[in-house]
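Working notes, structure below.
Derivation of every value follows stated rules applied to the coordinates shown; laboratory data play no part. Since the structure is predicted, the reported quantities are computational estimates derived from the model, not experimental observations. Note: ideal-geometry Cβ built from the backbone for every residue, glycine included; neighbour counts use all protein chains shown.
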Amino acid sequence: MVLKENAGIPAHLLWTLAVIAGVSVANLYYNQPLLDLMRLDFGVSEFQANLIAMITQVGYALGLLFIIPLGDLYHRKRIIEINFFVLVLSLLAIAVATDVRIVWGASLLTGICSVVPQIFIPIAAQFSTPATKGRNVGLVISGLLTGILASRVVSGLVADFWGWRTMYYAAAVLMVFSFLVVMRVLPDIAPTFSGRYVDLMKSILSLLKKYPPLRIYAGRAGFAFGSFLSLWACLAFRMAQEPFCVGSDVVGLLGLCGVAGALSASIVGRYVKQVGVKRFNFLGCALFLASWLLLFFAQDTYAGMIGGILLIDIGMQCIQISNQTSMFEVAPQAANRVNTIFMTTYFIGGSVGTLLAGSAWALAQWSGVVCVGILLALASLSVTAFTKY
């Protein structure tokens, strides 16, 4: 099978990309409901346990910056092969670790190599027809989001029944199966950039200088994702306290609330052009602020926590999909590098949010986390309010 740019992408390939994107990105989020269990197992502080989640996000940002651009320089199937191989090793290392420092190192590698979905998204954008680009990108991202939701639910339940280490053994097996499927269905896509790796990386800076909208789209999405991950970085600690006193299974099930975000992703992608990227960002930030207020004033009720998760998930998709889809339209000839700019900034924002939330929890518990979430949401809102894009 040969794919031609802007000529359309077969439905079976699109759905395969969506499913494998979800399975691959799940590696980043298995740890979130498990942080309290891992803290107890290794005998470390809440801050040290929180570093597991933060380091995973940092690794993902590094992978986005240094690996994803290679999709324009080398054959993408080869890049995917190597990433899956390292993932299997790093996930097994976490499963057998006896020291939290081993988990930190393996989590960094897991984050770096879990960038496979970000190779899929440019494929959906590059080879879809102009009329279906937003919808198809939204579909792949819906699969990715479903994987994020499922990862929290599954890891919480698996840990409750068989211990947190079992989840990482299972994740390694899933990566083996994902590798086999992708190698069978993904066509060999020719590189679009000729030159050296150094020249490729320099061209990313050139794109940033040449197209100011890229900086705006990526920056405000990064602030928003930092706010979003502030919630998930400390939710397990909050739910372990009064009046809830629940474990990883319930924290994982709360991830199901985010199904609204996954369902909204394809809808947002379909209407980005009609509604406009700026309006979607105003809406997304409004939902973020409403969510954090609810998570503060109704923090002792399940209704308040569930409502807050629902609002922040939908708001995140309004911001991510509208900005990411618009990014590809700015420089379609450099799809992987554009995605690198967007997603690297996005996950740097997520890493900063995770770190700030962990520090805020140590200083002021849940109230501190809420303050971090609101400040980062306001930062995203300010970028939209004071720019023309």
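Things worth noting here:
- Lysines with Cα under 23 Å of residue 133, excluding same-chain neighbours fewer than 8 positions away: 4, 77, 273, 278
- Amide hydrogen neighbours beyond the local backbone of residue 116, cut-off 5 Å, H modeled: none
- Rounded if a/c under 1.5, otherwise prolate or oblate - region 67-153, Cα gyration tensor axes: oblate
- Within the shell of other residues whose beta carbon sits under 11 angstrom from the beta carbon of residue 200, the net charge comes to +1, with Lys and Arg scored +1 and Asp and Glu -1.
- Just so you know, the Cα atoms of the chain work out to an Rg and Dmax of 19.5, 59 Å.
- The slack in the chain from residue 74 to residue 169, taken as 0.36 nm per residue of separation less the alpha-carbon distance, amounts to 31.1 nm.
- Of the residues 386, 177, 288, 84, the one with the fewest other Cβ atoms within 10 Å heads the list, and the complete ranking is 386, 177, 84, 288.
- Among 48, 126, 57, the largest mean-square fluctuation in a Gaussian network model of the chain (Cα springs under 10 Å) belongs to 48.
- Counting beta carbons within 10 Å around each of 193, 127 and listing the fewest first gives the order 193, 127.
- For residue 8, residues with placed amide H under 5 Å, excluding near neighbours: 128, 129
- Distance (nanometres) between label positions extended 7 Å along Cα→Cβ at residue 363 and residue 382: 1.7
- Under Karplus coefficients 6.51, -1.76 and 1.60, residue-wise ³J(HN,Hα) of region 292-306 in Hz, glycine/proline x: 5, 5, 5, 5, 8, 6, 10, 5, 9, 10, 5, 4, x, 5, 5
- Where only DSSP H runs of four or more residues are counted, the chain gives -27500 deg cm²/dmol as its mean residue ellipticity at 222 nm, each run worth -39500 (n - 2.57).
- Residues 346, 197 arranged by fewest to most Cβ contacts within 10 Å: 197, 346
- Ordering of 117-124, 15-22 by burial proxy (mean other Cβ atoms within 10 Å per residue, highest first): 117-124, 15-22
- Convex hull of region 166-256 built on C-alpha atoms - directionally averaged projected area, nm²: 10.4
- Sum of side-chain charges, residue 140 neighbourhood, beta-carbon under 14 Å (Lys, Arg +1; Asp, Glu -1): +3
- Estimated inter-spin distance, residue 162 and residue 177, nm [label 7 Å along Cα→Cβ]: 1.2
- Residue of 246, 23, 154 that the Gaussian network model of the chain assigns the largest fluctuation, springs spanning Cα pairs under 10 Å: 246
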